[in-house]
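Structure record follows, encoded as structure tokens.
Read the figures in this text as sums done on the coordinates, not as results from a lab. This one's a predicted model, so the numbers in the text were calculated from it and none came from an experiment. For neighbour counting, all protein chains shown are included, and Cβ atoms are generated from backbone atoms with ideal geometry for every residue, glycine included.
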Amino acid sequence: MPVELRVLRYFLAVAQEESITRAAAQLHLTQPALSRQLMQLEQELGVRLFHRSRTHIRLTDEGLLLRRRAQQLLDLAEKTAREFAARETELMGEIAIGAGETRSMTFLSQAIRTFRERYPKVTFRIFSANADDVKERLDMGLLDMGLLTEPVDVGKYAFCRMQEKDRWGVLVRTDSPLAAGDAVTPRALESVPLLVSGRESVQRELESWFGERWDRLHIAATFNLILNAANMVRCGVGAALGFDLNLAFDDLRFLPLSPAVETGTVLVWKKDQTLTPVVEAFHQHIKDIQQAPQGEENKGQI
């Protein structure tokens, strides 16, 4: 039997509050009515979703899985409702874009600004994550587009390549011996605790650059967001390998890799998907920017 979205909303409220009493008050339901809905949900799915005690309830492993899926289903339902509402009026609505940490985000930001100057009722929702997480949400229909840093498999996507490339380097504290140089070599990083991307494909690219020294490196931690990595660098955990995002840190310094390593970026969307009018208009706006002559006003290139 299909599970109703209304029941999923009930389930998420209980999962958040960890209390049927508090969730019932929030949902304007009686406690017995909400309890019956939860028991029926467990019966329909054939699993136990909660560990119950006198003071609170917590999710089982099956409940944790359902919480993730339920939130994704409700996000998709709300996104679909907004898209249908947008079709009935002037160009308006929401465009959901996933993006990694890349200098090409400047291009995208400028494109968003010029698009909104023309269509001020359009809003954008940005989901920040690494390429693997963005692709997952693209495939589920939760995102309209994704700004992905290479290496990434784009075989099942339509895409346009960004002109800006990201330069690899290492983020170190200003009191680090490395900070006295202008660049870093594989040999210089051999004895330094390192923070690296958690993506396996990126680690393979770094392994190629380090060569035989890769197996001798001291990997202290992995990360997917450079701001968190910068905090760890500041606290002395190690030096962070990542892109030069032109971020200013008073107590940190970015040093490029030598020999130099650069990474491309692609803007992708699912092939052969039916686009909403607002997303189709933004796709065309991106194409117009990419094809505009150099130096043209509002081109939006970095």
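Listed values, structure above:
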read-out: Rounded FRET efficiency, nearest 0.05, which uses the C-beta distance separating A180 from E136 and R0 of 45 Å; value: 0.60
read-out: Radius of gyration, Dmax [segment 17-78; alpha carbons; angstrom]; value: 12.1, 35
read-out: Local net charge near D250, Cβ-Cβ under 14 Å (Lys/Arg +1, Asp/Glu -1); value: +1
read-out: Rounded, prolate or oblate (a/c below 1.5 giving rounded, otherwise prolate when a/b exceeds b/c) for segment 167-302 by Cα gyration tensor; value: prolate
read-out: Cα-only Debye scattering, segment 1-158: base-10 log of I(q)/I(0) at q = 0.14, 0.15 Å⁻¹; value: -0.86, -0.92
read-out: Among M92, M140, M39: highest mean-square fluctuation, GNM of the chain, C-alpha pairs under 10 Å; value: M39
read-out: Principal axis dimensions, segment 88-219 - Cα atoms, whole angstrom, descending; value: 62, 32, 22
read-out: Set of lysines near K165 by C-alpha distance (under 19 Å), chain-local residues within fewer than 8 positions excluded; value: K287, K299
read-out: Theoretical ellipticity at 222 nm over the chain - DSSP helices of four or more residues, -39500 (n - 2.57) apiece, nearest 500; value: -13000 deg cm²/dmol
read-out: Candidates G141, G198, G155, ranked by Gaussian network fluctuation over the chain, Cα under 10 Å, top entry; value: G155
read-out: Three-way shape call for the chain based on the alpha-carbon gyration tensor, with the a/c threshold at 1.5; value: oblate
read-out: Principal-axis tilt of helix 61-87 within the chain, Cα atoms, nearest 10 degrees; value: 90
read-out: Summed side-chain charge close to R36 - residues other than R36 whose Cβ falls under 13 Å, Lys, Arg +1, Asp, Glu -1; value: -2
read-out: ³J(HN,Hα) computed for each position of segment 146-153 - Karplus, 6.51 cos²θ - 1.76 cosθ + 1.60, integer Hz, glycine/proline x; value: x, 9, 10, 8, 6, x, 8, 7
read-out: Globularity index of segment 182-225, i.e. its alpha-carbon radius of gyration over 2.2 N^0.38 Å; value: 1.10
read-out: GNM flexibility winner over the chain from S128, S258, S53 (Cα, springs under 10 Å); value: S53
read-out: nm² value of the averaged projected area, convex hull over the Cα atoms of segment 226-287; value: 7.2
read-out: Over 19 Å between alpha carbons, listed pairs K135/K271; K135/K156; K79/K270; K79/K121; K135/K270; value: none
read-out: Sum of side-chain charges, R187 neighbourhood, beta-carbon under 15 Å (Lys, Arg +1; Asp, Glu -1); value: -1
